[in-house]
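A.B. asks: Here you go, one structure.
The values are calculated or read from the model by the stated rules, or taken from the named source; none is laboratory data. Model, not experiment: these values are computed from the prediction. Neighbour counts are summed over all protein chains in view; Cβ atoms, including those assigned to glycine, are modelled from backbone coordinates with ideal geometry.
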Amino acid sequence: MDVSVIIITKNQLSFLRRTIPILLRQNFSGTYEIIVVDSGSTDGALRFCRSQPIKLITLLPREFSYPHAFNVGAKQAKGKYLVRLSGDAIPLDQNWLHHLISPLQDPKTGAAYGKYVVKDHVNYEYPSIWGRHSFPNRAIRHHLDRHWGLGISSSFTNFYHTYSLAGGNCAIRQDLWRARPFNESIPANEDAEYAWFLHTIGYDVVYTPKAKVLHQHPKTPASVKLRNHLRCCLNAVRAYFQIIRFWITGEHRQFLP
């Protein structure tokens, strides 16, 4: 099996009805499977998933966190590459998987992520933290040199390149994930922490704008938006201290080429 597409979802039947059919029709030369990890849907999503040629994994709602849900799905995945797709992210064409996986043909690339698209700017907006500026129309290779101090030389001066890995539309190498799964000690921003990890052990992260998904969130009041941003910032700080601990304790050495 070449690729395992892991969808993390709860009560997103309307999205799955659009996502699953287009995933089943991808123009991809390799083999792939679709795994849905559901954490307590009550909207008919489970019944729909069971009617499709996919693998369904269920979690109790109290067990859910984004890194845990992905790790549970990845444990049952057979693919050489693991794709992570948010339940509310819909691939926009039949070449999405090809474009997302292509950068991983380079052995120096540890992960790749695609473009978030918002079509209804009147009622919807980009997810918190991941704004329009994060998804230009040109491809980007995020490369950082390892440093003796904090693991990566640009921890402060080039923060954007350090954490960039949009977890709602990304792919990683299965062998790297098995060596070190997503960090379940932080409830969110685990994608940023994983980007740090990859740079620490010498891999690049590639942004490929051709792998597009519709990923738009309903607009929220300014007070709610501020609270969401503060929560994301807090999780980012937690993730940052995790990678510092990872480096100081020498845990990173077991992953170095």
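A.B. asks: Would you please list the contacts, defined by Cβ atoms under 7 Å and residues six or more apart or on different chains, that run from a residue in region 27-40 that is more than 16 Å from Gln174 (Cβ to Cβ) and in contact (Cβ under 8 Å) with a residue 60 or more places away in the chain to a residue that is surrounded by 15 or more Cβ atoms within 10 Å (Cβ to Cβ) and of a type outside the set (Phe, Trp, Tyr)?
C.D. replies: Asn27/Asn95; Asn27/His98; Phe28/Leu97; Phe28/His98
A.B. asks: Residue check: is Pro107 at pLDDT below 85 and surrounded by fewer than 23 Cβ atoms within 10 Å (Cβ to Cβ)?
C.D. replies: no
A.B. asks: Which one is surrounded by the fewest Cβ atoms within 10 Å (Cβ to Cβ) among residues in region 68-96 that are assigned to a loop (DSSP other than H, G, I, E, B) and among the aliphatic types (A, V, I, L, M)?
C.D. replies: Leu92
A.B. asks: Collect the residues in region 1-40 that are of a type in the set (Gly, Ala, Ser) and farther than 15 Å from Pro67 by Cα, keeping them in residue-number order.
C.D. replies: Ser4, Ser14, Ser29, Gly30, Gly40, listed by residue number.
A.B. asks: Take the residues of region 128-147 that are at pLDDT 90 or above and aliphatic (A, V, I, L, M): which is surrounded by the fewest Cβ atoms within 10 Å (Cβ to Cβ)?
C.D. replies: Ala139
A.B. asks: What is the residue count in region 36-56 for residues that are among the charged types (D, E, K, R), surrounded by 17 or more Cβ atoms within 10 Å (Cβ to Cβ) and touching a Leu at 6+ places or on another chain (Cβ under 9 Å)?
C.D. replies: Residues meeting the conditions: 1.
A.B. asks: Determine, yes or no, whether Ser65 is under 27 Å from Ala195 (Cα atoms), surrounded by 21 or more Cβ atoms within 10 Å (Cβ to Cβ), in contact with an Asp or Glu (Cβ under 9 Å, 6 or more places away or on another chain) and of a type in the set (Ser, Thr, Tyr).
C.D. replies: Judged against the criteria, Ser65 is not a match.
A.B. asks: Then there is this: Of all the residues that make up region 2-55, how many are farther than 22 Å from Leu100 by Cβ, not small (Gly, Ala, Ser) and not in a helix (DSSP H, G or I)?
C.D. replies: Qualifying residue count for the region: 5.
A.B. asks: Related question: Looking only at region 29-43, count how many residues are in contact with a Lys or Arg (Cβ under 8 Å, 6 or more places away or on another chain) and of a type in the set (Val, Ile, Thr).
C.D. replies: Final tally of qualifying residues: 3.
A.B. asks: Those residues that are under 14 Å from the mean Cα position of the chain (by Cα), of a type outside the set (A, V, I, L, M) and in a strand (DSSP E or B), I need them from region 179-213; list them, please.
C.D. replies: Passing the criteria: Tyr207, Thr208, Lys212.
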